Amino acid sequence: MGSCDVYENIGKMAATMRNVDEIRDRVILCEFDVKNVHTTDYPGNYPGYDDTWSLQKFKKNFRIDLVQMDETSLEFDMVGIDAAIANAFRRILLAEVPTMAVEKVFIYNNTSIIQDEILAHRLGLIPIKADPRLFEYRNAGDEEGTEIDTIQLQLKIKCTRNLRATKDSADPRELYLNHMVYSKDMKWVPIGNQADVFADIDIGPVHGDILLAQLRPGQELDIVMHCVKGIGQDHAKFSPVATASYRLLPEITLMETVEGEKAERLKRCFSPGVIEVENHGGKVVAKVVNSRLDTCSREVLRHEDLKNAVKLARVRDHFIFSVESTGILAPDVLVTEAIKVLMTKCRRFLSELDSTEME
């Protein structure tokens with residue numbers, strides 16, 4: 001075998017290794033399909049690759065990067081995990097982190113045009129500002145509730161005419177008093193020692209400007225509500241997040257130099273900030289600036305002269321999480337609580353395995 005043959009074989013082996021790495025690590029976006037969508041890096045699947053799981057390897061590869069956070073939203077990167085774990089984490093955020101919500105509605109008087117059932121449903125969906133970690137779950141069959149498992153709210157309001165309104169006025173805001181019932185009208189009524197325990201906490205609706213009903217003179221509402229601890233798995237009103245989602249980190253690679261009008265057209269194919277054009281020696285040249293901003297619309301694949309110039313992919317183990325809280329708990333607290341729930345599930349699973357082995 002000549003030296004040229006040796007170099008050719010080495011080149012083929014290197015190309016094969018690159019192809020395997022791509023199958024293992026990247027999801028490829030093609031014109032009519034998406035390739036490499038399934039996880040394949042399990043032990044023994046690829047000769048020459050050690051895919052046995054180890055804690056040391058996981059610690060080395062796993063990381064969480066905080067990207068952006070404010071009072072209600074959080075964006076962070078979770079790198080080095082499988083999609084199954086990322087999705088389990090997302091589902092826990094949606095359905096298994098507990099909150100407090102209106103469960104029982106006692107309607108003593110409702111002369112508005114809204115039916116009792118509809119009004120009770122609207123009240124149940126109001127996010128309640130109360131830390132669920134300070135309360136216990138109410139026992140099944142317990143109708144009364146106690147200070148450790150129940151928050152009591154009251155809505156008592158009556159619409160009357162405004163005697164100071166001008167004669168020719170047609171504006172309800174001037175003609176009537178209390179004709180718009182908002183969530184801010186739901187008042188906390190402490191039970192037992194709650195007034196002392198929660199003296200520094202303002203318990204009530206997260207947002208005070210949620211419209212509940214409209215009244216006219218003579219109509220009134222007299223309602224008592226009991227809020228209990230629950231999870232979104234039981235009812236969506238207990239879900240602590242407005243949205244909890246993730247996406248894979250986009251990766252855009254230019255396979256050739258794109259210049260002139262094609263560069264400008266390439267830039268327009270992507271979300272703003274992904275592709276920029278630069279002047280190199282009098283020529284306008286396209287450059288990938290920030291792949292993260294791409295929405296993976298694949299618009300570029302509609303252009304015959306551009307689709308072979310770009311390679312669209314997503315990093316398989318790099319998840320961009322977006323968490324938007326309803327305001328009951330801060331988003332970073334929600335993530336922490338979701339991790340605790342996941343850890344509890346893992347401990348329960350290991351305990352079950354141990355008990356099965358003993359049997």
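Summary table below
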{"read-out": "Every residue from the range 116-141 that is of a type in the set (Gly, Ala, Ser), closer than 22 Å to residue 189 by Cβ and assigned to a loop (DSSP other than H, G, I, E, B)", "value": "130"}
{"read-out": "Those residues of the range 204-227 which are open to solvent by 10 Å² or more (accessible area, probe 1.4 Å) and under 16 Å from residue 132 (Cβ atoms), in sequence order", "value": "205, 206, 226"}
{"read-out": "Total residues in the range 249-269, condition open to solvent by 20 Å² or more (accessible area, probe 1.4 Å) and either part of a loop (DSSP other than H, G, I, E, B) or among the β-branched types (Val, Ile, Thr) (or both)", "value": "4"}
{"read-out": "Tally, over the range 286-309, of residues that are over 26 Å from residue 67 (Cβ atoms) and open to solvent by 20 Å² or more (accessible area, probe 1.4 Å)", "value": "6"}
{"read-out": "Condition met for residue 289 (more than 30 Å from residue 73 (Cα to Cα) and over 23 Å from the mean Cα position of the chain (by Cα))", "value": "no"}
{"read-out": "Residue 273, sole failed condition from (1) outside any loop (DSSP other than H, G, I, E, B); (2) of a type outside the set (Val, Ile, Thr); (3) closer than 29 Å to residue 25 by Cα; (4) without any contact (Cβ under 8 Å) to a residue 24 or more places away in the chain", "value": "(1)"}
{"read-out": "Residue in the range 147-170 that is closer than 22 Å to residue 97 by Cα, surrounded by fewer than 17 Cβ atoms within 10 Å (Cβ to Cβ) and among the β-branched types (Val, Ile, Thr) present", "value": "yes"}
{"read-out": "Some residue of the range 85-92 being without any contact (Cβ under 8 Å) to a residue 40 or more places away in the chain, surrounded by fewer than 12 Cβ atoms within 10 Å (Cβ to Cβ), basic (Lys, Arg) and out of contact with any Phe, Trp or Tyr (no Cβ under 6 Å at 6 or more places or on another chain)", "value": "no"}
{"read-out": "Only listed residue being among the acidic types (Asp, Glu), surrounded by 10 or more Cβ atoms within 10 Å (Cβ to Cβ) and either free of Cβ contacts under 8 Å to residues at least 12 places away in the same chain or closer than 30 Å to residue 230 by Cβ (or both), chosen from 71, 75", "value": "75"}
{"read-out": "Qualifying residues in the range 318-330 (those that are within 17 Å of residue 237 (Cα to Cα), of a type outside the set (Val, Ile, Thr) and under 12 Å from the mean Cα position of the chain (by Cα)) - the one surrounded by the fewest Cβ atoms within 10 Å (Cβ to Cβ)", "value": "324"}
{"read-out": "Qualifying residue in the range 116-123 (condition: open to solvent by 70 Å² or more (accessible area, probe 1.4 Å), free of Cβ contacts under 8 Å to residues at least 40 places away in the same chain and among the aliphatic types (A, V, I, L, M))", "value": "yes"}
{"read-out": "Only one of 341, 323, 310 that is touching a residue at least 40 places away in the same chain (Cβ under 8 Å), under 27 Å from residue 42 (Cα atoms) and aliphatic (A, V, I, L, M)", "value": "341"}
{"read-out": "Whichever residue in the range 311-359 is assigned to a helix (DSSP H, G or I) and among the small types (Gly, Ala, Ser) and, among such residues, is nearest to residue 61 (Cα to Cα)", "value": "338"}
{"read-out": "Residue in the range 57-73 that is at pLDDT 90 or above, under 30 Å from residue 211 (Cα atoms), part of a strand (DSSP E or B) and not polar (S, T, N, Q) present", "value": "yes"}
{"read-out": "Cross-chain or 6+ apart pairs with Cβ under 7 Å, the range 35-64 first and within 14 Å of residue 82 (Cβ to Cβ), then modelled with pLDDT under 90 and open to solvent by 90 Å² or more (accessible area, probe 1.4 Å)", "value": "51/42"}
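Quick grid of which residues meet (1) under 29 Å from the mean Cα position of the chain (by Cα); (2) in a loop (DSSP other than H, G, I, E, B):
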{"residue": "114", "(1), (2)": "no, yes"}
{"residue": "143", "(1), (2)": "no, yes"}
{"residue": "153", "(1), (2)": "yes, no"}
{"residue": "163", "(1), (2)": "no, yes"}
{"residue": "168", "(1), (2)": "no, yes"}
{"residue": "196", "(1), (2)": "no, no"}
{"residue": "209", "(1), (2)": "yes, yes"}
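The values are calculated or read from the model by the stated rules, or taken from the named source; none is laboratory data. Computed from a prediction, not measured in an experiment: that's the story for all the values here. Here the Cβ is made from the backbone with ideal geometry for all residues, glycine too, and neighbour counts use every protein chain on show. Heads up: the accessible areas ignore ligands, DNA and RNA and are worked out on the full protein's heavy atoms, side chains in. Shrake-Rupley method; radii C 1.70, N 1.55, O 1.52, S 1.80 Å.
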